[in-house]
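The values are calculated or read from the model by the stated rules, or taken from the named source; none is laboratory data. Keep in mind that what you see is a predicted model, and the values were worked out from it rather than measured. Using ideal geometry, Cβ is built from the backbone for each residue, glycine included, and neighbour counts are taken over all protein chains shown.
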Amino acid sequence: MSGNINFNGWINDDGTENYKCRAWVNFNGTGTVAIRAAGNVSSITDNGNGDYTVNFSSSLPDANYSAIADINGNGSLNASWMAHAMFSSAHSTTVAPTTAGFRFCTFHPGNLVNQDTTFNLVAVFR
């Protein structure tokens, strides 16, 4: 047998859907944004300081997914950083996710100013 088999859902023995990671990416968000490794992520759009869009290689079936991020701004173990998924750089305007991707911003909670972050680890579940 050759070729790939594609499907949109895993089904448990009881008939319920088994949710899985639909996309993931590890990228450097400083300077020229660069993907280190990824699955179902075609690119990262740099919208400005600490403001990124994750673009999927293959569209998701709908926009009802959950995106989580683990970030570190400067490599310091003392630094505390946060990410707001589905928000613009203003931290107050919601940007709705789409089947093609989503936007998020990264910032240090001490000043709430968007800042580029070195390590951005993002996973999307549906």
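Just a few scattered comments:
- Leading residue by the ranking (nearest to Thr45 (Cα to Cα)) among those in the stretch 96-111 that are among the small types (Gly, Ala, Ser) and assigned to a loop (DSSP other than H, G, I, E, B): Ala100
- Note on the stretch 34-53: residues that are modelled with pLDDT of 95 or more and either assigned to a loop (DSSP other than H, G, I, E, B) or hydrophobic (A, V, I, L, M, F, W, C) (or both) total 7.
- Of the candidates Thr106, Thr117, Thr93, Thr30, the single residue that is polar (S, T, N, Q) and modelled with pLDDT of 90 or more is Thr30.
- In the stretch 11-52, residue surrounded by the most Cβ atoms within 10 Å (Cβ to Cβ) [restricted to those that are among the acidic types (Asp, Glu) and under 16 Å from Gln115 (Cβ atoms)]: Asp51
- So Thr98, is it modelled with pLDDT of 90 or more, closer than 19 Å to Ala23 by Cα, of a type outside the set (A, V, I, L, M, F, W, C) and in contact with a Ser or Thr (Cβ under 8 Å, 6 or more places away or on another chain): no
- The stretch 94-112, subset without any contact (Cβ under 8 Å) to a residue 24 or more places away in the chain and hydrophobic (A, V, I, L, M, F, W, C), residue surrounded by the most Cβ atoms within 10 Å (Cβ to Cβ): Val95
- Residue among Asn78, Asn6 that alone is modelled with pLDDT under 90, more than 16 Å from Thr117 (Cβ to Cβ) and among the polar types (S, T, N, Q): Asn6
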